[in-house]
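Undergrad: Just dropping this structure here.
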Amino acid sequence: VEAVLLRSISWTYIRGKLISSTFFIADYVRKYDSKGRLLWRAPFVLHEDEYFPGNLAVFSDGSVVADNDFPVKYGATGEVVWEARDVIPKNYGAKRGGGILEVENGNVLVTTNDYYSAVAVHKITPSGRKLWTKVLQRGCRAAERLSPVLSSDGNYYAGCTTGYAPFSEAKIGQGDYRIYKLSPKSKLLWTRTVKASGDESLYHLIPEDGGGVVLIGRSDSSKGQDKMAEQEGQWFVKLDARGNVEWDFVSVDTGVSEIWAKSSRGYLSQGGPANRFVELVINQPLASKDLPSGSVIAIKSEENNRYIQLSNKIYADAKEVAFSGQWMILKDKQEDSPFAIRSLGNGRVASLTEIKSSKVVLKAITSAVEPRSKRHRFQIRNLGRGSVAFLSESRNYGYLRPTLTDGRIVAKPSKRSDRKMRITRVHSGHPLIGSEIVLRMNRKNVLLESSPGGKVTATRTSLVKDTDPFVFKVAATGSPSGFIQLKSKASGKWVVVSRTQRVKATGAKSSPDSMFYPIISREGYIKLSRRGLDCLQVKGDGGLYAGGKQTKKNCEILFATIKL
């Protein structure tokens with residue numbers, strides 16, 4: 001084991017005097033062997049108005065990359081290979097946040113903030129030539145030493161904390177976790193904001209098997225939105241390869257540490273108030289109370305490693321979470337009560353039905369949850385290590401499971417291992433910024449649809465082969481806070497309310513008539529309120545209009561995420 005040390009001390013003059021009005025030496029990068037013997041020492045030079053060095057990365061070829069405002073690469077024997085002063089724009093300061101990562105073919109990935117609270121990712125070749133710079137978002141800052149990470153599927157993750165004023169280093173509001181997934185050629189694959197009800201700050205990323213990632217930071221919130229855990233403290237959030245939340249966990253006794261690594265059993269940290277090593281093993285049991293009404297989940301069978309989806313019947317045969325594989329939790333009592341699941345594919349409630357072969361199969365055919373029927377109510381039973389089982393409230397039916405022949409979902413009382421399922425939370429009832437969604441009006445069970453000319457109607461109950469007319473992209477307005485905008489994939493324009501109150505997809509993003517406030521009801525449906533006064537509803541001609549009262553069920557909408 002070799003060690004590299006970067007020790008920041010007071011400003012030091014070269015040979016006891018100032019050599020230049022712009023160049024100073026801060027200290028040295030030192031490399032030691034496993035017995036503590038010095039292998040080499042190289043000066044780390046700072047320029048005027050630059051910060052002390054903060055980050056270090058040791059690469060597989062023995063080279064070392066350190067940074068302050070600009071990364072510097074040292075060879076295996078301590079010689080300076082390159083300085084990235086001409087590669088990274090002057091206004092992007094690495095010391096103001098971000099970190100260093102070695103990626104494929106010895107390339108260097110650097111995450112930085114600029115002076116105006118815009119986070120960016122830079123990719124540099126082993127010889128110091130810039131391949132690309134990707135500016136991600138203003139008003140979002142990467143914490144110091146928040147390095148990008150290499151996903152197990154060959155892509156990159158970069159993160160930051162929202163809530164900062166653009167063109168300022170000041171935090172002006174409550175922050176959330178923000179995560180980006182980039183391809184090696186800088187294409188943005190998806191982005192997601194992980195939200196809670198208070199102030200959150202992201203400090204660290206850890207890649208996981210299957211292309212997922214764990215986000216680690218600090219949360220000062222109680223339970224709400226994407227956060228299922230009750231306490232304040234160090235907040236862990238696991239996302240799958242598409243950005244869906246698989247689980248979250250709060251550690252209240254590890255302190256706030258910026259240094260984390262994956263261990264064989266969990267996660268290892270160094271730091272916190274006592275500057276100690278802590279291994280955190282997460283085995284968080286999932287209960288019905290952790291799935292509030294209105295949250296949308298995907299269900300994966302461990303028997304055949306497939307997601308449960310609706311085609312003409314309900315099967316466990318999908319390799320990934322699709323529109324037809326999203327299910328809305330419905331509850332009519334307290335948080336830990338049995339629940340029903342409603343298919344976002346056809347808007348129907350799943351119900352167990354007996355057929356002639358004495359099988360009990362799951363079908364999505366019920367229009368509403370019947371108050372006294374137990375056929376479509378379920379409870380979760382924890383089976384350990386993240387596995388759960390769906391137990392019918394009618395105990396004679398037993399547990400949901402796929403058949404071995406075709407994966408069709410049936411119910412049997414047996415406690416065999418084929419009942420093991422895993423739950424992924426697709427969203428928690430709030431439209432995610434940057435996601436593409438399909439919206440279904442609850443009362444009439446019809447999907448919103450837009451034409452290339454911008455006409456918005458709601459007459460169909462299911463998708464057709466060309467799904468573009470049903471897809472809308474969610475964007476934030478910036479100001480006022482909390483409002484969103486919807487962009488039609490078919491017309492390429494923004495959804496607006498005309499003078500006649502008719503909703504069309506013909507507007508400009510800057511228009512105040514394109515701003516809607518999502519109100520989440522107790523049951524979990526959303527209502528899109530126009531400037532906080534009224535909400536959108538479908539009328540008899542199939543058109544969508546503003547003017548509905550927020551207390552009416554005509555305004556209730558459920559939505560499915562198409563692409564993150």
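The values are calculated or read from the model by the stated rules, or taken from the named source; none is laboratory data. This structure is a prediction, so every number in the text was calculated from the model and none was measured. All Cβ positions, glycine included, derive from the backbone under ideal geometry; neighbour counts span all protein chains shown. Side chains are part of the model used for accessible areas, which takes the heavy atoms of the whole protein and leaves out ligands, DNA and RNA. Shrake-Rupley method; radii C 1.70, N 1.55, O 1.52, S 1.80 Å.
Undergrad: Share of region 409-532's accessible area from carbon and sulfur, percent, 1.4 Å?
TA: Details: 2720 of 5550 Å².
Here it works out to 49 percent.
Undergrad: Please report the Cα spread of region 301-341 along all three principal axes, rounded to whole Å, starting with the longest.
TA: 33, 21, 16
Undergrad: Say each of Ser34 and Glu83 gets a label point 7 Å from the Cα, pointing the same way as Cα to Cβ; how far apart are those two points in nm?
TA: Result for the modelled spin labels: 3.6 nm.
Undergrad: Would you kindly compute the Cα radius of gyration of region 142-216 and its largest Cα-Cα separation (Dmax), both in Å?
TA: 12.8, 37
Undergrad: Given the pairs Lys412/Lys444; Lys465/Lys509; Lys130/Lys509; Lys238/Lys527; Lys356/Lys465; Lys420/Lys487, which are separated by over 31 angstrom at their Cα positions?
TA: Working: Lys412/Lys444 34 Å; Lys465/Lys509 29 Å; Lys130/Lys509 34 Å; Lys238/Lys527 29 Å; Lys356/Lys465 33 Å; Lys420/Lys487 39 Å.
Beyond 31 Å between Cα atoms: Lys412/Lys444; Lys130/Lys509; Lys356/Lys465; Lys420/Lys487.
Undergrad: Select from region 153-224 those GluC sites (Glu not before Pro) which occupy a DSSP coil region and have at most 15 other Cβ atoms within 10 Å, ordered by residue number. Before the final figure, lay out each step's value.
TA: On the way: sites: Glu169, Glu200, Glu208; in loops: Glu169, Glu208.
Those that pass, being in a loop and sparsely packed, are Glu169.
Undergrad: Here is a follow-up. Output the Kirkwood hydrodynamic radius of region 427-471, Cα pairs only, in Å rounded to one decimal.
TA: On the way: mean 1/r = 0.0869 Å⁻¹.
Here the Kirkwood hydrodynamic radius works out to 11.5 Å.
Undergrad: Right, here's the next one. Å³ per residue of the Cα convex hull, for region 411-513? Working shown, then result.
TA: Working: hull volume 16.6 nm³, N = 103.
So the per-residue Cα hull volume is 161 Å³.
Undergrad: Quick query: amide H of Ala143 versus all other amide H atoms, modeled in the peptide plane; which residues come in under 5 Å with a sequence gap of 5 or more or a different chain?
TA: The list, which skips near neighbours in sequence, is Gly98, Thr161.
Undergrad: Once the piece of chain linking Val135 and Lys412 is laid out straight, how much longer is it, given 0.36 nm per residue of separation minus the C-alpha distance between them? Don't jump to the answer; show the numbers that get you there.
TA: Working: separation 277, 0.36 × 277 = 99.72 nm, distance 5.29 nm.
Length gained between Val135 and Lys412: 94.4 nm.
Undergrad: Moving on to the next point. Along the Cα-to-Cβ line of Asn105, 7 Å from the Cα, sits a label point; which residues in region 123-141 have backbone N less than 18 Å from it?
TA: 123-134
Undergrad: May I ask you to order 125-132, 35-42 by the average number of other C-beta atoms within 10 Å around their residues, highest value first?
TA: On the way: 125-132: 13.8, 35-42: 11.8.
The most tightly packed comes first, giving 125-132, 35-42.
Undergrad: Can you give the percent of C-alpha pairs in region 387-438 whose distance is more than 18 Å?
TA: Working: 629 of 1326 pairs.
Value for region 387-438 (Cα pairs over 18 Å): 47 percent.
Undergrad: Something else: May I ask you to list the trypsin sites (Lys or Arg not before Pro) in region 141-224 that are in a DSSP loop and have at most 11 other Cβ atoms within 10 Å of their Cβ? Spell out each step's value before the answer.
TA: Values: sites: Arg141, Arg145, Lys171, Arg178, Lys181, Lys185, Lys187, Arg192, Lys195, Arg218, Lys223; in loops: Arg145, Lys185, Lys187, Lys195, Lys223.
Here the sparse-neighbourhood loop sites are Lys185, Lys187.
Undergrad: Quick check on region 463-507: take the gyration tensor over C-alpha atoms, sort the square-rooted eigenvalues as a ≥ b ≥ c, and tell me if it's rounded (a/c under 1.5), prolate or oblate.
TA: On the way: a/c = 2.74, a/b = 1.42, b/c = 1.93.
In terms of gyration-tensor shape, oblate.
Undergrad: Send over a whole-number figure in Å² for the accessible area per residue of region 422-463, probe 1.4 Å.
TA: Numbers: 1450 Å² over 42 residues.
With the other protein chains kept in place, region 422-463 gives 35 Å² per residue.
Undergrad: Multiplying the sequence separation of Ser510 and Thr405 by 0.36 nm and subtracting their Cα-Cα distance, what value in nm do you get?
TA: Answer, rounded to one decimal: 32.4 nm.
Undergrad: By the gyration tensor of its Cα atoms, with a ≥ b ≥ c the square roots of the eigenvalues, what is the shape of region 320-372: rounded for a/c under 1.5, prolate for a/b over b/c, or oblate?
TA: oblate
Undergrad: Oh, and also: If the viscosity is 0.890 mPa s and the temperature 25 °C, what translational diffusion coefficient in µm²/s does Stokes-Einstein give for region 304-414 when Rh comes from Kirkwood over Cα pairs? Can you show the working numbers first?
TA: On the way: Rh = 14.2 Å.
D, rounded to a whole number, is 172 µm²/s.
Undergrad: Let me ask another. HN-Hα J couplings of region 449-463 from phi, Karplus 6.51/-1.76/1.60, θ = phi - 60°, integer Hz, Gly and Pro as x?
TA: After applying 6.51 cos²θ - 1.76 cosθ + 1.60, I find 9, 10, 9, x, x, x, 6, 10, 10, 8, 10, 8, 9, 9, 6 Hz.
Undergrad: Which FRET efficiency value, to the nearest 0.05, is calculated for Lys552 and Asp209 with the Förster distance at 56 angstrom and r the Cβ-Cβ distance?
TA: On the way: r = 47 Å, r/R0 = 0.84.
Once the sixth-power term is evaluated, E becomes 0.75.
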